[in-house]
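The values are calculated or read from the model by the stated rules, or taken from the named source; none is laboratory data. Since we're looking at a predicted model, the values are computed, not measured. Note that we place each Cβ from the backbone using ideal geometry, even for glycine, and neighbour counts take in every protein chain shown.
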Amino acid sequence: MLGAIRPRIPGLAVAAGAVAVAFAVNRALPSLSPLTIAVILGAILGNVGVDLAVLKPGLGYAAKKLLRAGIVLLGLKLAIGDVLHLGGRGLAMVVVIVTITFFGTQLLGRAMGLSKGTSLLVATGFSICGASAVAAMDGVTKNREEEVVTAIALVTMCGSLAIVVLPLLKGPLGLSDAAFGSWVGASVHDVAQVVATASVIGQAALAPAVIVKLTRVVLLAPLVAGMSLWQRRGSARTNQAPGEKRPPIVPLFVVGFLAMVAVRSTGLVLAGVLNVAQTCETVLLAAALFGLGTSVNLKTLFTTGGRAALLGLASWVLIAALAYAGVRLIG
């Protein structure tokens, strides 16, 4: 067992150092997620011409195994009671918004000539929960590292813009504080960005924003499981290489995610435990995204940058418009 662990130590040690730097930068610039900073650091390291051969085993382990562990812990943010608090109409609104944004963004991406991977990951990040959703979807689909980084960069850029732009639109759009919070929760990507945007208005906006946002996060599990099943059916219709594994019907980390939702829903988990779990989740996902970032070829990334940015902005406008219509419709 020690023989299997030893080759991973250098890469994991470097990933740990990068995570520490990401957290330090986040403290200085709270609008930048540690996940975004970590993937940027990884991309820089992977493109400075340094031989990373000795680091590859550890970085690869972080990009796969630690990623899935982080997604499992993400489930502790959610409680079924929060979802039920929305009621049938509110829940239906969230499902419709997520579904149209997910498939609509993919159609737009393909129409723009972007790859299936980029279109899928951007659609996932914008419709569900930003970088965490991108990482989860990458765990069950085959994508290039450049596609992962592009999607994360776009959800970070648009989510950061939302913190500034959306509060300015509250008055012109005629939204009450509570309605504004619901709009933010239904349209902004990352949980931290939702909190930051709604907090500009106050507690009356923050509470509904968080509830609606966490309801979107719940949909991560069926979306990823559905895509895994689709991939499995696709692999059954094509000739697989000898020894190649078919994707699982339901990925184990999705089962773990749902199990953590169930645990949180009992109401027995102490606040201190939840705080520690949230920190661990961020550390694991940051380490995973750093590992992914080291495999990015920046030259390839920049060739699709303009079209990808246009797709990100279009997806942002789409989900914001759908969310506004939904909030107005249900009152």
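Restricting to region 49-69, name every residue that is of a type in the set (A, V, I, L, M, F, W, C) and part of a helix (DSSP H, G or I).
Those that are of a type in the set (A, V, I, L, M, F, W, C) and part of a helix (DSSP H, G or I): Ala53, Val54, Leu55, Leu59, Ala62, Ala63, Leu66, Leu67, Ala69.
Would you pick out the residues in region 180-204 that are more than 24 Å from Val134 (Cβ to Cβ) and touching a Lys or Arg at 6+ places or on another chain (Cβ under 8 Å)?
Within region 180-204, Phe180, Ile201 meet the criteria.
Can you go through Ala131, Ala123, Ala111 and tell me which one is out of contact with any helix residue (DSSP H, G or I) (no Cβ under 6 Å at 6 or more places or on another chain) and on the phi < 0 side of the Ramachandran plot?
Checking each option against the conditions leaves just Ala111.
Pull up region 15-39, narrow it to residues that are crowded, with 22+ Cβ neighbours inside 10 Å and out of contact with any Phe, Trp or Tyr (no Cβ under 8 Å at 6 or more places or on another chain), then point me to the one that is farthest from Ala288 (Cα to Cα).
The qualifying residue farthest from Ala288 (Cα to Cα) is Ser33.
What residue, of Arg216, Arg233, is surrounded by fewer than 19 Cβ atoms within 10 Å (Cβ to Cβ) and either in a helix (DSSP H, G or I) or within 16 Å of the chain's Cα centre (by Cα) (or both)?
Of the residues listed, the single one that is surrounded by fewer than 19 Cβ atoms within 10 Å (Cβ to Cβ) and either in a helix (DSSP H, G or I) or within 16 Å of the chain's Cα centre (by Cα) (or both) is Arg233.
If you go through region 219-230, how many residues are surrounded by 21 or more Cβ atoms within 10 Å (Cβ to Cβ) and in contact with a Leu (Cβ under 9 Å, 6 or more places away or on another chain)?
Within region 219-230, residues that are surrounded by 21 or more Cβ atoms within 10 Å (Cβ to Cβ) and in contact with a Leu (Cβ under 9 Å, 6 or more places away or on another chain) number 2.
For region 191-212, how many residues meet the condition of being in contact (Cβ under 8 Å) with a residue 24 or more places away in the chain and part of a helix (DSSP H, G or I)?
Here the count works out to 14.
Among the listed residues Leu329, Leu313, Leu292, identify the single one that is touching a residue at least 24 places away in the same chain (Cβ under 8 Å), aliphatic (A, V, I, L, M), farther than 30 Å from Gly113 by Cα and in a helix (DSSP H, G or I).
Leu329 is the lone residue from the list that is touching a residue at least 24 places away in the same chain (Cβ under 8 Å), aliphatic (A, V, I, L, M), farther than 30 Å from Gly113 by Cα and in a helix (DSSP H, G or I).
Per-residue answers, yes or no, for (1) under 13 Å from the mean Cα position of the chain (by Cα); (2) of a type outside the set (Gly, Ala, Ser); (3) buried (at least 24 other Cβ atoms within 10 Å of the Cβ):
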site	(1), (2), (3)
Ser127	yes, no, yes
Ala135	yes, no, yes
Thr150	yes, yes, yes
Leu166	no, yes, no
Gly171	no, no, no
His189	yes, yes, yes
Ile211	no, yes, no
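For region 152-190, how many residues meet the condition of being β-branched (Val, Ile, Thr), assigned to a helix (DSSP H, G or I) and closer than 18 Å to Val122 by Cα?
Counting residues in region 152-190 that are β-branched (Val, Ile, Thr), assigned to a helix (DSSP H, G or I) and closer than 18 Å to Val122 by Cα gives 3.
Could you tell me which residue of region 96-109 is farthest from Ala277 (Cα to Cα), considering only residues that are surrounded by 14 or more Cβ atoms within 10 Å (Cβ to Cβ) and of a type in the set (A, V, I, L, M)?
The selected residue is Leu108.
Quick test of your reading of the structure: Asn275 fulfils all but one of (1) in a loop (DSSP other than H, G, I, E, B); (2) of a type in the set (S, T, N, Q); (3) at pLDDT 75 or above; (4) over 16 Å from Leu67 (Cβ atoms). Name the failing condition by number.
Tallying (1) in a loop (DSSP other than H, G, I, E, B); (2) of a type in the set (S, T, N, Q); (3) at pLDDT 75 or above; (4) over 16 Å from Leu67 (Cβ atoms), Asn275 fails exactly one: (1).
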